[in-house]
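Beneath this line is the structure, given in structure tokens, with notes to follow.
No value in this document is a laboratory result; all are computed from the given coordinates. Predicted model, so just to flag it, every value in this text is computed and none were measured. Counting neighbours? That spans all protein chains shown, and the Cβs are built from the backbone with ideal geometry, glycine included.
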């Protein structure tokens, strides 16, 4: 079975970065952090969930957070130096090229501002969506940082 165009785009981005990480398609949904952790047999905190916002200027903002954490939007606004607005499903698909539930942290249609949850760096491996709600890939937090150019910060809601 041929991979979806979204999965192929993520796999190509990994290859272009010189990484051998493989996208895996799973029989069970990985749409939520809990579903992904259950499907993979890992801690929810190891899921690198992609949360997309819209900045006041209109540019997408990607927060890659630990699946165990809620994002403190005020902290992100302070780092961004701009307002942070909710992004609806149409905005997410248009700007990232992915549907909600399968947004990868890489290979976005429009390059976003990227912020990385410091809590992800406590793990040797984390798992991120790879373009669909059934696809994931594993990587180290250092690889995530390198691939996204993201800024590490404490983004957890207190």
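Calculated [222 nm] ellipticity per residue, helices only, for the chain: -8000 deg cm²/dmol; basis is -39500 (n - 2.57) per DSSP H run with n ≥ 4, divided by all residues, nearest 500. Each peptide in 124-137, 21-34, 60-73 receives the mean, over its residues, of other Cβ atoms within 10 Å, and ordering these scores from highest gives 124-137, 60-73, 21-34. Please work out whether the stretch 43-100 counts as rounded, prolate or oblate from its C-alpha gyration tensor, where a ≥ b ≥ c are the square roots of the eigenvalues and a/c under 1.5 means rounded, while otherwise a/b larger than b/c means prolate and anything else oblate? Note, shape of the stretch 43-100 comes out oblate. With N counted as the residues of the stretch 5-153, its alpha-carbon radius of gyration over 2.2 N^0.38 Å works out to 0.95.
A Förster radius of 30 Å combined with the Cβ-Cβ distance from residue 70 to residue 25 puts the calculated FRET efficiency at roughly 0.60. Judged by the ratio a/c of the largest to the smallest principal axis of the C-alpha gyration tensor, the stretch 1-60 counts as oblate, that ratio being 1.5 or greater while a/b is no larger than b/c. Oblate is the label for the stretch 102-156. Its Cα gyration tensor axes, ordered a ≥ b ≥ c, give a/c of at least 1.5 and b/c at or above a/b.
Once C-alpha pairs closer than 8 Å and six or more residues apart are averaged by separation and normalised to the residue number of the stretch 1-139, the relative contact order reads 32 percent.
On the beta carbon distance between residue 38 and residue 142, with R0 = 30 Å, the FRET formula returns roughly 0.70.
Full extension of the segment from residue 12 to residue 110, taken as 0.36 nm per residue of separation minus the current Cα-Cα distance, would add 33.6 nm.
Cα centroids of the stretch 1-67 and the stretch 71-101: how far apart, whole angstrom? Comparing the Cα centres of the stretch 1-67 and the stretch 71-101, I get a distance of 16 Å.
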